[in-house]
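Below: one structure, written as structure tokens.
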Amino acid sequence: MPMKLNVKRTILVGMAFLSICSFWQFYDNVIPLILTKTFNLGDTWTGVIMALDNILALFMLPLFGALSDKMKMPIGRRMPFILCGTLFSVALLLLLNVADRTRNFVMFIAVLLLLLIAMGTYRSPAVALMPDVTPPPLRSKGNAIINLMGTLGAVYTLVMIKLLVKTPAEGQLTNYLPLILSIVVIMVVAVAILFATIRENKLREEMERTCREAGVQVGEGAEDSESAGEGNGAGGKLPKEVFRSLVFILLSIFFWFTAYNAVTTAWSRYAENVWKLTDGGYANCLLVATLAAVVAYIPIGVISSKIGRKKTILGGVVMMTVCYLIAAFLPDYYSWLYIVFAVIGIGWAAINVNSYPMVVEMARAGDIGKYTGTYYTFSMAAQVFTPIFSGFLLEHVSYRTLFPYAVVFSVLAFITMTQVRHGDSKPAVKKSALENFDVDD
């Protein structure tokens, strides 16, 4: 029988990512307002402080991903990081509110820095938990569910912002305590559910046993299937051809994040300055793209299991490149652009669902956390680089450079992705010719 994804278990594993995404939605929306309104910082310094998370991530995510690979505890190797990271994060989040209410800038920056460090300690271990307990052929479907859980966490925070953040009286500060308490609750509850329901060591052993019985290798970085067990092959050198594929997919990740993040970070300014959208009309396009991605996550997970991850990613890159190209030639805004942004959202989902599973499938069995961190290093590097480089072009050349810039880096991503030869999903081997007619796969 073909292996089937345990959807309920994957949803429970996704509780960690739900917790993380609920925090980052708060961070992206509220921290800039506190910096500008409570502490009267300008946009430049606010941008510098807001970039700290990406800069820290360059170093912390691979470090703590690799450390979690080496952890051996009765509760697992990822769970200690998730539990401790969440505990410190919620405590620091409450302290952050104290610094805001007392207008203590030094305390605020110090607590914010510690909070970003605490969050960085468990992001890679939390994401690595899914491939730890999911057979390689099912990881794209699993990653689709994980992305959906993260989206739920982000939506929760947006709803809480709408319900709990009230406009203050003249001269008063916005009271963010109710919102912060709601974030603390969802983070604690989500991780508590994860800890109560997921037995990490037992499930990893069960996954490895299932793979052995099905003849599926756990990680292409292992030289043979015998080295795919826990701890085997960890830290060893990858075969040359696998390492080459890893380099090319990491370059692809950098390129498509460079293109996409340039558009998302500059979109509001572009829409107002070039297409003359007013009253926050730019947000509608981003909302359409987000909703299209959410709807597409699960179908894309299924499609990639049929045609392969690489082809699905290449299709997503082509979709986004064509949309960027269309936008580059438009002199004004048109209502049918909602369709263009929906296609961008679907293309981005096709990339996101499949790129991470491809990276960790190239890892040796004991190095999944390390490779999770490496994946985030390249995506975060792009998000540090592209606002600066694309912003320079916007300021000193023209706003019209935005979409051609995205086209160039998307084309580079397509070229490098064509050179990836490993990490693709593999259909289960049929035991008889008749099984090839089984459509239940």
- Task: Check 165, 184 and return the single one that is under 22 Å from the mean Cα position of the chain (by Cα), surrounded by fewer than 20 Cβ atoms within 10 Å (Cβ to Cβ) and among the β-branched types (Val, Ile, Thr).
- Result: 184
- Report yes if residue 287 is at pLDDT below 80, within 30 Å of residue 7 (Cβ to Cβ) and surrounded by fewer than 18 Cβ atoms within 10 Å (Cβ to Cβ), otherwise no. yes
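Condition check ((1) touching an Asp or Glu at 6+ places or on another chain (Cβ under 9 Å); (2) surrounded by fewer than 18 Cβ atoms within 10 Å (Cβ to Cβ); (3) farther than 29 Å from residue 141 by Cβ) across all residues:
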residue: 5; (1), (2), (3): no, no, no
residue: 8; (1), (2), (3): no, yes, no
residue: 16; (1), (2), (3): no, no, no
residue: 23; (1), (2), (3): no, no, no
residue: 33; (1), (2), (3): no, yes, yes
residue: 45; (1), (2), (3): no, yes, yes
residue: 60; (1), (2), (3): no, no, no
residue: 71; (1), (2), (3): no, yes, no
residue: 74; (1), (2), (3): no, yes, yes
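Restricting to segment 1-31, name every residue that is part of a helix (DSSP H, G or I) and at pLDDT below 80.
Going residue by residue through segment 1-31, those that are part of a helix (DSSP H, G or I) are 7-13, 15-31.
28, 29 - these are the residues of segment 1-31 that are part of a helix (DSSP H, G or I) and at pLDDT below 80.
State yes or no: is residue 194 within 20 Å of the chain's Cα centre (by Cα), in the same structural domain as residue 69 (by TED's automatic domain parsing) and closer than 25 Å to residue 73 by Cβ? Working first, answer last.
Values: within 20 Å of the chain's Cα centre (by Cα): yes; in the same structural domain as residue 69 (by TED's automatic domain parsing): yes; closer than 25 Å to residue 73 by Cβ: yes.
Answer is yes for this residue.
Kindly provide the set of residues from segment 80-89 that are surrounded by fewer than 21 Cβ atoms within 10 Å (Cβ to Cβ) and of a type in the set (A, V, I, L, M, F, W, C), ordered by number. Let's see the steps before the verdict.
If we filter segment 80-89 for residues that are surrounded by fewer than 21 Cβ atoms within 10 Å (Cβ to Cβ), which is where we start, we get 80, 83-84, 87-88.
83, 84, 87, 88 - these are the residues of segment 80-89 that are surrounded by fewer than 21 Cβ atoms within 10 Å (Cβ to Cβ) and of a type in the set (A, V, I, L, M, F, W, C).
Rundown of residues vs (1) at pLDDT below 85; (2) over 19 Å from the mean Cα position of the chain (by Cα); (3) not in a helix (DSSP H, G or I), yes/no style:
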position: 319; (1), (2), (3): no, yes, no
position: 334; (1), (2), (3): yes, yes, yes
position: 338; (1), (2), (3): no, yes, no
position: 344; (1), (2), (3): no, no, no
position: 350; (1), (2), (3): no, no, no
position: 360; (1), (2), (3): yes, no, no
position: 363; (1), (2), (3): yes, no, yes
position: 369; (1), (2), (3): yes, no, no
position: 372; (1), (2), (3): yes, no, no
- Message: So the check is Cβ under 8 Å with 6+ separation or different chains; which pairs have a first residue in segment 303-317 that's farther than 15 Å from residue 139 by Cβ and a second one that's outside any helix (DSSP H, G or I) and at pLDDT 90 or above?
- Response: 314/418
- Query: Do we have residue 292 as crowded, with 22+ Cβ neighbours inside 10 Å, among the hydrophobic types (A, V, I, L, M, F, W, C), at pLDDT 70 or above and part of a helix (DSSP H, G or I) here?
  - Reply: no
- Which numbered condition residue 272 fails, given (1) over 20 Å from residue 150 (Cβ atoms); (2) surrounded by 22 or more Cβ atoms within 10 Å (Cβ to Cβ); (3) not small (Gly, Ala, Ser): (2)
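Restricting the search to segment 16-73, which residues are of a type in the set (S, T, N, Q) and in contact (Cβ under 8 Å) with a residue 24 or more places away in the chain?
From segment 16-73, those of a type in the set (S, T, N, Q) are 19, 22, 25, 29, 36, 38, 40, 44, 46, 54, 68; that's our starting set.
Across segment 16-73, the qualifying residues are 19, 22, 25, 29, 38, 54, 68.
The values are calculated or read from the model by the stated rules, or taken from the named source; none is laboratory data. Everything quoted here is computed from the prediction, not taken from an experiment. All Cβ positions, glycine included, derive from the backbone under ideal geometry; neighbour counts span all protein chains shown.
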